[in-house]
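**Student:** Please find one structure pasted underneath; my questions will follow.
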Amino acid sequence: MSEELTKILFLCTGNSCRSQMAEGFVNELRSDEFRAWSAGVETHGLNLLAVKAMAEVGIDISHHTSKLVDQFLDKDLDYVVTVCDHAKESCPMFLGKAKKVHAGFEDPPALAADAKTEEDALVYYRKVRDEIRAFVEAMPDNLNND
């Protein structure tokens with residue numbers, strides 16, 4: 001059955017936040033149609049505020065790990081979705097049928113850089129989390145727009 005699922009890799013700079021959220025939403029909310037992974041052009045570790053923001057909506061990504069895109073270069077993917085501009089510019093060439101799609105989201109750590117408290121920082125994580133959720137809920141239509 002997994003061969004019938006649309007396979008998506010979400011790619012970000014450090015695979016610590018946005019791509020992890022996207023992977024979590026797809027595999028939790030859309031597992032009947034899609035299988036998702038996430039990776040980065042670098043690895044920065046899992047962002048704990050991203051974990052907390054996702055837990056607020058009932059999705060546990062605490063077991064995720066930060067992975068390099070190199071691990072997926074030979075995987076038979078249907079889509080590679082870059083979720084930040086740096087990843088879009090740095091995305092390696094994937095062999096096979098993978099269609100490259102860009103869905104840029106703001107960087108929660110950068111948005112929250114001046115936050116005085118964790119609660120203040122979480123406002124930005126929640127905003128981006130909810131935008132990513134909307135993207136996932138609109139799939140597959142938004143995967144075919146160029």
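The values are calculated or read from the model by the stated rules, or taken from the named source; none is laboratory data. All values reported here derive from a predicted model rather than from experimental measurement. Here the Cβ is made from the backbone with ideal geometry for all residues, glycine too, and neighbour counts use every protein chain on show. Heavy atoms of the whole protein, side chains included, go into the accessibility calculation; ligands, DNA and RNA do not. Shrake-Rupley method; radii C 1.70, N 1.55, O 1.52, S 1.80 Å.
**Student:** Ordering H64, H102 from largest to smallest accessible area (1.4 angstrom probe), what's the sequence?
**Tutor:** H102, H64
**Student:** Any idea which of A112, H44, N142 is furthest toward the positive side of the dipole for the chain, if Lys and Arg beta-carbons carry +1 and Asp and Glu beta-carbons -1?
**Tutor:** Farthest towards the positive pole: H44.
**Student:** Follow-up question, since we're still on this one. So for the chain, taking the charge dipole from beta-carbon charges (+1 Lys/Arg, -1 Asp/Glu), which of L122, V80, N27 sits furthest toward the positive end?
**Tutor:** V80
**Student:** With a 1.4 Å probe and every protein chain left in place, work out the accessible area per residue of the chain in Å², rounded to a whole number.
**Tutor:** 50
**Student:** Match the structure shown to one of the listed values (1) 24, 19, 15; (2) 37, 18, 13; (3) 24, 16, 14 of semi-axes √(5λ) of the Cα gyration tensor in Å, computed from it, and give that label.
**Tutor:** Derived directly from the coordinates: (3).
**Student:** From the phi of every residue in segment 32-37, what ³J(HN,Hα) in whole Hz does the Karplus formula 6.51 cos²θ - 1.76 cosθ + 1.60 yield, where θ is phi - 60° and glycine or proline is x?
**Tutor:** Values, residue by residue: 6, 10, 10, 10, 10, 9 Hz.
**Student:** Compute, for the chain, the length of the dipole vector about the Cα centre, with Cβ point charges of +1 (Lys, Arg) and -1 (Asp, Glu) only. Units Debye, rounded to 20.
**Tutor:** That gives the chain a dipole magnitude of about 160 debye.
**Student:** Would you kindly state the longest site-free stretch of the chain, with sites defined as trypsin sites (Lys or Arg not before Pro) in a DSSP loop (not H, G, I, E, B) surrounded by at most 15 other Cβ atoms within 10 Å?
**Tutor:** 1-74
**Student:** For L29, what accessible area in Å² do you get when you roll a 1.4 Å probe over the heavy atoms of the protein chains, rounding to the nearest 10?
**Tutor:** For L29, solvent-accessible area is about 70 Å².
**Student:** Could you tell me which of T6, A53, Q71 has its Cα farthest along the dipole of the chain towards the positive end, charges placed at Cβ (Lys, Arg +1; Asp, Glu -1), taken about the Cα centre?
**Tutor:** Farthest towards the positive pole: Q71.
**Student:** Now for a different question. For L46, which sequence-distant residues (separation of 5 or more, or a different chain) have an amide H within less than 5 Å of its own amide H, given hydrogens modelled in the peptide plane?
**Tutor:** Counting only residues 5 or more places away or on other chains, the set is S66.
**Student:** Still on this model: Mind listing the long-range amide H neighbours of T6? Cut-off is under 5 Å, sequence gap 5 or more, other chains count too, H placed in the peptide plane at 1.01 Å from N.
**Tutor:** The list, which skips near neighbours in sequence, is F34, R35.
**Student:** Quote the charge dipole size of segment 1-87 about the Cα centre in Debye, to the nearest 20; the model charges only the Cβ of Lys and Arg (+1) and of Asp and Glu (-1).
**Tutor:** Approximately 280 debye in magnitude.
**Student:** Something else now. With all protein chains present, how much of the accessible area of the chain (probe radius 1.4 Å) comes from carbon and sulfur, to the nearest whole percent?
**Tutor:** With neighbouring chains kept in place, the figure for the chain is 49 percent.
**Student:** What is the sum of charges around L49, taking Lys and Arg as +1, Asp and Glu as -1, for the other residues whose C-beta is under 15 Å from the C-beta of L49?
**Tutor:** Within the 15 Å Cβ shell, the charges total -3.
**Student:** In deg cm²/dmol and to the nearest 500, what is the mean residue ellipticity at 222 nm of the chain if only DSSP H runs of at least 4 residues count, each as -39500 (n - 2.57), divided by the residue total?
**Tutor:** -10000 deg cm²/dmol
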